[in-house]
Structures are given as C-alpha cells and as structure tokens.
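The values are calculated or read from the model by the stated rules, or taken from the named source; none is laboratory data. Bear in mind that the values here come from a model prediction, so they are computed numbers and not experimental data. Because the Cβ atoms are built from the backbone with ideal geometry, glycine has one as well, and the counts that use them run over all protein chains shown. Only protein heavy atoms, including side chains, enter the accessible area calculation; ligands, DNA and RNA are left aside. Shrake-Rupley method; radii C 1.70, N 1.55, O 1.52, S 1.80 Å.
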Amino acid sequence: MVELETVERIASYMKGMAGQALINGNFDIWQRGTSSTSMAILADKWSEYADGNGGTLPTLTRSREVLSGEIDGSYYYTRLTTSGAGTSLGTTSRHWLWQSIENGTRYLAGTGNKVTLSFWARSSIANKKISANLQQSYGSGGSPSSTEVINGTTFALTSAWTKYTHTFTLNDITGKTFGTDTTTDIIVVLFQFMWGSGTYSTPAGSAGVAETYRGAGTIDIAQVQLCLGSKDLPFFPRSLPEEEKLCDRYYQRIIPNTTTYCASGPIRSSTQGDMVMALREPMRAVPTFSYGGTWGLRAGSTTHTVTNITLGGMTGVMAYLVCTSGSMTAERGGGLYGTSGAYMQFTADL
C-alpha cells in the first residue's frame, strides 16, 4: 500500500511546473473569442502564426470545439479548419501554434534534463502530418545567450483521437547568460501544421521534406501537457478557478456591467477624469491596453461620452485610466461605466 506521504508528494509534483509546465493545456479558457479566420490569439496563453512565404494560404479557421467524452479529463479541444492545401507555398512557409513557458529555461533546463510532451490529436485530412519542437530562450535585456532550437519529430495523424508523446533533451545552461529581464527566459512548445522544405530542420532536424495542409479538412488537438522527465505522466486538469488565475497573469478582458461603475476617481479638469480600476489578478508586466465600444463618464449628475481612454500606470492589481471627455466640472468623484459593446483588454503576453 502506498503511504499517504508518498501520495501527497506525488500530488504536489503533479500540480507544479514539473508535472504540467503549460497553462491552459486543456483549452478551457478562451477570453479573446472562440472562432476566428484571422489567426488571432484565441485560447489563452496560446499564439498562432501562418505565413505562405509568397504562396497563397487557404482559408484557415481556428475554433473551440466540445468533446463528447472521448478523452477523459477534457471538455474542449482546439480545431484548425483549412479550405485546401494552399498553393505555391514557399520554402520557408510555416504555420505555428505555440506556447511560451515563463522561466521555463531556468526551472526546467539543465544537464541531461528531459521533458515529455503529450497530446491528443486527429485529422479528417488523409495522411496529414504535424510536428512539434521546442525553443530554449535565455530572455531579453542585456546580452543573453542566443535562443536554441531543440529538434522534435513529426506525427502522422489519423481520423481517430490518438495520444502522442515525445521526449526532448533540453540543453545545458552551464555558462549561459540570462537576460536582465527576469521574466523572459522561456521554453517554447511549438506545433507546426504546415512547413516548407527550408523550415523542416526546425521540427525534426532533417531538411528537404515539406508538408502542406494536403487538402480541405480539420486538424484537432486536445489535452496538451509538458512534464519534466522522460515519463508520460497522467493528465490531471487544474480546476477552472486555478486555470483562470494563471491565464489572467498574461491577459485580462474586462466586460463592464452597464448599470454600475467599473472604475472611479476624481474629475481633474473639464476634459479629464482619472479613474482607478481593480483587475482580477496582478499581471506579469505593465500590460498594453486597448478598449472598444461606448463608454460613459459620470461627473456629478451629468454623464459624458468618453472620447478616449489610456492606461496611465499599474500598481499591483490597480489600473490607472486617463479618460478624456468634454465640458465637465472638476470635482472629487466620478465614475466610468460601459454602455454599448464596451470592453477593455490588458495584455502582457510573452
């Protein structure tokens, strides 16, 4: 019988970076939307890029889909739909889906250290292949050592959900120089759905064999995990609140209540209100800020239409918003609220 202490130690290991270094590997969080043809970021912490290198890409759609119990521990998966194979794709054409693991190099890499990637995948496209590889980066700021590519392998997909695994050996970090920005050394997990003959050395270390989209159809991926070591560990999904909290470190989308203030503060002048708003979680760095829709600024008993909002700074979870309007009366208190289609987004992606 396994001792309770051993079970607790294993459970602690599984919950840490060693047991799952990826965030949102189960594709549960989609703050930016659930379908797009622009290769925009959708699933939190995952990024995507497609380049035909002078050729013509087919119509590509990224979407969130629902499983029907085929994979234990997962409810959603991510789907790429392509309208065809693409035409005249160049030698350095590529289509990437990737995630950067913050501080992955310092905490996972080392002499002989291995990490094991596992995921489920399928494709309706006959004989479709995808590939996976890693990048080991030492960050930014100062004069860090150059990013290193860790070659991977290709996977031949079928129409049935199948689990795939691959073990990578990370590079030694002895004598390497890390950047002075202490949050930017990363391990990148990178899937490729299409690549030209000049980029094939990246996924598998063997140049000369290109892979197009092959034809119209779908490519599905679910339950992605990266674990320290050479074992394919069981997948234990985080709770939804845990996953949301981790995702919010990098991106937060705020949809305001239209009947109450989402931020408040003084009206500094006839044209400016300085509002303070609490975010859900601290972010890893001062984020970039954007907004959309219609916003109103309440000054005294009068509501004014906001013409511009900028981010003046961040302290912990507090965002300082400079709101521009007109013909206001300076006073101590005012409030910001959204009306039609209002949203804000704070982005601190790696």
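Observations
- Between Ser340 and Trp161, the contour length at 0.36 nm per residue exceeds the Cα-Cα span by 60.2 nm.
- All-pairs alpha carbon distance profile, the range 220-314, 10 Å steps from 0, percent: 11, 34, 25, 14, 10, 5, 1
- Rough spin-label spacing in nm, given labels placed 7 Å along Cα→Cβ, for Thr174 and Phe236: 3.4
- Computed over the alpha-carbon atoms, the range 118-200 gives an Rg to Rh ratio of 1.09, Rh here being the Kirkwood radius from the mean inverse distance.
- Cβ-based net charge around Ala126, under 14 Å, with every Lys or Arg adding one and every Asp or Glu removing one: +3
- Exposure here means at most 16 other Cβ atoms within 10 Å; with GluC sites (Glu not before Pro) in a DSSP loop as sites, the longest stretch of the chain lacking them is 71-350.
- Equivalent ellipsoid, the range 78-144 (semi-axes from 5 times Cα gyration tensor eigenvalues, Å): 31, 17, 11
- Shape class for the range 54-105: oblate, because the ratio a/c of the largest to smallest gyration tensor axis (alpha-carbon atoms, square roots of eigenvalues) is 1.5 or more and b/c is at least a/b.
- Of all aspartates and glutamates in the structure, the ones whose alpha carbon falls short of 15 Å from that of Lys45, not counting any fewer than 8 places away in one chain, are Asp28, Glu102, Glu242, Glu243, Glu244, Asp248, Asp349.
- The mean sequence separation of alpha-carbon pairs under 8 Å and at least six residues apart, normalised by the residue count of the chain, gives a relative contact order of 18 percent.
- Charge dipole (the range 215-256, unit charges on Cβ, about Cα centre) - positive-most of Ser230, Ile219, Leu246: Leu246
- Karplus 3J(HN,Hα) series, Hz, for the range 211-216 with 6.51 cos²θ - 1.76 cosθ + 1.60 (x for Gly, Pro): 9, 8, 6, 6, x, 6
- Heavy-atom accessible area, probed at 1.4 angstrom with all protein chains present, ranks His304, His95, His166 as His166, His304, His95, highest first.
- Phi-based couplings in Hz for the range 30-40 (Karplus 6.51, -1.76, 1.60; Gly and Pro marked x): 9, 5, 7, x, 10, 7, 7, 9, 9, 6, 6
- Dipole check for the chain: with +1 at the C-beta of Lys and Arg, -1 at the C-beta of Asp and Glu, and the Cα centre as origin, the magnitude is about 440 Debye.
- Residue-level accessible surface for Arg238, protein heavy atoms, 1.4 Å, Å²: 60
- For the range 76-94, the residues whose backbone nitrogen is under 18 Å from a point 7 Å from the Cα of Thr59, taken along Cα to Cβ, are 79-87.
- The sum of -39500 (n - 2.57) across all DSSP H runs of n ≥ 4, divided by the residue count of the chain, sets its helix-only mean residue ellipticity at 222 nm to -2000 deg cm²/dmol.
- Segment Thr259..Val317, full-extension length gain: 18.6 nm, with 0.36 nm per residue of separation and the alpha-carbon distance subtracted.
- Rounded accessible area per residue of the chain, 1.4 Å, Å²: 44
- Most positive-pole-ward Cα, Thr59, Gln99, Leu117, against dipole of the range 52-193 from beta carbon charges: Thr59
- Note on Tyr49 and Ser140: the model spin-label points, each 7 Å out from Cα along the C-beta direction, lie 1.2 nm apart.
- Once both labels are positioned 7 Å from their Cα atoms along Cα-to-Cβ, the gap between Ser327 and Thr92 label points is 5.6 nm.
- Gyration tensor (alpha-carbon) shape descriptor, the range 142-240, a/c threshold 1.5: oblate
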